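None of the figures in this text is laboratory data; all of them are computed from the coordinates on show. Bear in mind the structure is a predicted one, so any value in this text is a computation, not a measurement. Every residue, glycine as well, gets a Cβ built from its backbone with ideal geometry; the counts of neighbours run over all protein chains shown.
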């Protein structure tokens, strides 16, 4: 028996949830859950966890493009079957982790992984650039302002040496979201790559009647820029529609999410903004939002050179200048944001000055500041 | 479906990072629709714009979430991706898999899908990318009947809860993140599958303040492990770190010469409250000043451990920027015990108190954190039956605009202007 379209409710099973995690744990994990004493990182990409009683778990972390084929996942299963008793896991940053219970098995596992071309790069531990959390982009999404998998591939190619080593002052978490919806939650990342639009929505008056609830489209605008309006469709009929006050549009795209007849994506309008200095962890300083330092870089497929170049520059200046354990945001706050812009040779523009809600919280309301090249007009 | 020329995407086969283009080409050998994924993506690279249409409501009977409809806007050129719907499959807590289960999942997607996946989506689900409308019920049937596995959430519902790996392989986890994540996922299947909320609602469970699952940045209800007694110190291990015998931070910085370990520089002076000091060769901590940030424990994992009386801090209301701007979750419950003994009843009570209020007052597409901002934190605490404490704010307000309630003012607000004028001429 299988699904019967004539009796869709017949034999239906619902609300059974995911499989229990308990069925999925590797033996070394299952035996020592809750008993771990400490961990070390013997080499980049390898974690050693030691449990009460001396049991050891070696984990080998490998990068992944996140967009992976079933053949790729099956190959991961082959590796796990050969070395890890048929279990492995994924991390919250799209890496995969293979776990074994001895150094010998770990060495054999590493040799196997290295023998498979560049499919399973080992790294992503400690003071490194680990895998980029990202979204769908042009591969699958209907609202993106840039691609996701492509720019991620280019940035990781460029920063590869930092994935496979641990030579930075602290971990650098990069994330990419292909529009302001931020499915990739880039708002608290050391470096955020964010797809943005720069043209207001068009109104498709031939479609709007059939696909939009106008009150929802109007209410969707946080700045009240979408108003009800009469319009004429291409058949010459007068219809109820909306108009957009372009001067008030902040290009968030929320109207398009609510109303498919208001597309705003555009080859010249769309591109990438760079934000830096966010963090999620509570370690040392409180979690921080990423701050906008570059308002716009063009979409330049296939290799996005403007984006990769500026990110490398930030990482290298940070690597040279920051103190041990200092995250990018902590470093920028210590040296001051004015010095950050100067040291990274990034032009400061009015676009980095907040003018949305709570903007005043970011204004500089003290006579204390650093003299930098930005103040030369006053001092030189 | 024929192979298309993809000169731009071919450039993404170069470089040391694994290439999704190479992977798609490999999969296209057995799933020719992958040629159309590549072809349409190449067209997007030429046009610098997406070629996916907006919308398409598809699903399986009885569920309002778990499937995202997707259609190509150039189906005549790329018929293999004319329909390209996504299925979100709820992941096992901690994202561990047996290869037996994962292979069965891949076999299912081999049979009905495009052959492509995301391991995993941003919220945590396993994402099966690209199938046709007519396959959805067939996949769901086999998923539930043969694989004992359900879909996750999408739309205005409880999104698939997620957690860090917790006690399974981390010495710092202050509770069993996997167990509570699984238990609440099972408890709230209806809320995950049938959208009844103003907007999405996310739970995330992190075992400690390092917050590897980004709960404080990304979840409406963030459960972040902590403790209420003293950090456990092994003084002998402290000496080993100081002697350079144990690697600082587990060896996380070993590819660069940062000089010998310096406990002052690396631990004591980086403590946000400076509550640690050395007395001779003994490490002292004034735990009453500790904010449990994890830094010292991160740096000396063999010498320092979270306390013994563990639980969690509950922070509420995080979200990404759309619409009112990004919000971190606000600390509401300083400490709560997390125990499977009571089936997480205390956590369930908190969640349902929020939901009862938010489902009543939340506007369409208003996240819990935005509704909190709209009514104010003081009102929200009162809804949560939580007494206000200084820990709820970074600093007291600096304006005097208090919304006094009538019952707080002796005599109330009703006054007689005629009586007033008898004493106070206008």
Per-residue mean of C-beta atoms belonging to partner chains within 10 Å, peptide B:168-180: 5
For region B:7-145, diffusion coefficient by Stokes-Einstein and Kirkwood Rh (Cα), 4 °C, 1.567 mPa s, µm²/s: 81
Pairwise label distance in nanometres, residue B:364 with residue A:243, each label 7 Å out on the Cα-Cβ vector: 2.3
For A:202, B:294, order by how many other beta-carbon atoms lie within 10 Å, fewest first: A:202, B:294
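Going highest first, how would you order A:215-228, A:301-314, A:235-248 by mean Cβ packing within 10 Å?
Result, highest mean Cβ count within 10 Å first: A:301-314, A:215-228, A:235-248.
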In Å, descending, principal axis extents of the Cα set of region B:1-47: 29, 26, 12
Mean shadow area of region B:368-412, taken as a quarter of the surface of its Cα convex hull (nm²): 4.2
Förster-model FRET efficiency, 51 Å R0, residue B:234 and residue B:29, C-beta, rounded to 0.05: 0.35
Highest to lowest packing among B:386-396, A:145-155, B:329-339, B:410-420, scored as the average C-beta count within 10 Å: A:145-155, B:329-339, B:386-396, B:410-420
Sequence of B:30, A:257, A:14 once ranked by neighbouring C-beta atoms within 10 Å, starting from the fewest: B:30, A:14, A:257
FRET efficiency, residue B:340 to residue A:367 (Cβ-Cβ, R0 51 Å, nearest 0.05): 0.35
222 nm mean residue ellipticity, helices alone, for chain A (DSSP H n ≥ 4; -39,500 (n - 2.57); rounded to 500): -7000 deg cm²/dmol
Kirkwood hydrodynamic radius (C-alpha pairs) into Stokes-Einstein, region A:116-195, 4 °C and 1.567 mPa s, D in µm²/s: 100
Descending Cα extents along the principal axes, region B:128-259, whole Å: 66, 34, 26
Ratio of the Cα radius of gyration of region A:287-380 to 2.2 N^0.38 Å, where N counts its residues: 1.20
Ordering of B:168-180, B:367-379 by packing [mean C-beta count within 10 Å, highest first]: B:168-180, B:367-379
Chain B: angle of helix B:99-112 to the longest principal axis, Cα-based, in degrees nearest 10: 50
Pairs of Cα atoms farther than 26 Å apart, chain A, %: 63
Cα Rg over Rh - region B:238-391, Kirkwood: 1.10
Helix B:345-361 vs. chain B, principal-axis angle (Cα, 0 to 90°, nearest 10): 80
Separation of the residue A:360 and residue A:202 label points, Cα + 7 Å toward Cβ, nm: 4.1
Under 17 Å from the residue A:216 label point (7 Å along Cα→beta-carbon), backbone N, region B:128-156: B:154-156
Average other protein chain Cβ within 10 Å of Cβ, residues A:300-312: 2
Spin-label pair residue A:333/residue B:377, simplified geometry with 7 Å Cα→Cβ offset, distance in nm: 1.6
Space enclosed by the convex hull of the alpha-carbon atoms of chain B, per residue, Å³: 243
Centre separation in Å (Cα based) which lies between region B:185-211 and region A:16-72: 24
Whole-number percent relative contact order across chain B, with pairs defined as alpha carbons under 8 Å at least 6 apart: 11
Beta bridge orientation in region A:84-195: antiparallel %, DSSP, nearest 5: 25
The protein assembly as shown - convex hull of alpha carbons, volume per residue in Å³: 220
Cα centroid of region B:282-345 to Cα centroid of region A:107-177, whole Å: 29
Whole-number percent relative contact order across region B:7-145, with pairs defined as alpha carbons under 8 Å at least 6 apart: 19
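Convert 37 °C to kelvin, take the viscosity as 0.692 mPa s, use the Kirkwood radius over C-alpha pairs of region A:196-259 as Rh, and evaluate the Stokes-Einstein diffusion coefficient in µm²/s, rounded to a whole number.
276
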CD proxy at 222 nm, helix term only [per DSSP H run n ≥ 4: -39500 (n - 2.57); per residue of chain B; nearest 500]: -8500 deg cm²/dmol
FRET efficiency for residue B:287 and residue B:61, using Cβ-Cβ distance with R0 set to 56 Å, rounded to 0.05: 0.50
Value of relative contact order over region B:232-305, rounded to a whole percent, pairs C-alpha under 8 Å and six or more apart: 44
Euclidean distance between Cα centres, region A:301-341 to region B:104-135, Å: 37
Burial ordering of B:211, B:10, B:257, A:101, fewest other beta-carbon atoms within 10 Å first: B:257, B:10, A:101, B:211
For residues of A:22-29, the mean tally of beta carbons on other chains within 10 Å: 6
Chain B: angle of helix B:136-146 to the longest principal axis, Cα-based, in degrees nearest 10: 70
Equivalent ellipsoid dimensions for region B:232-305 as semi-axes, Å, which come from the Cα gyration tensor, largest first: 19, 13, 11
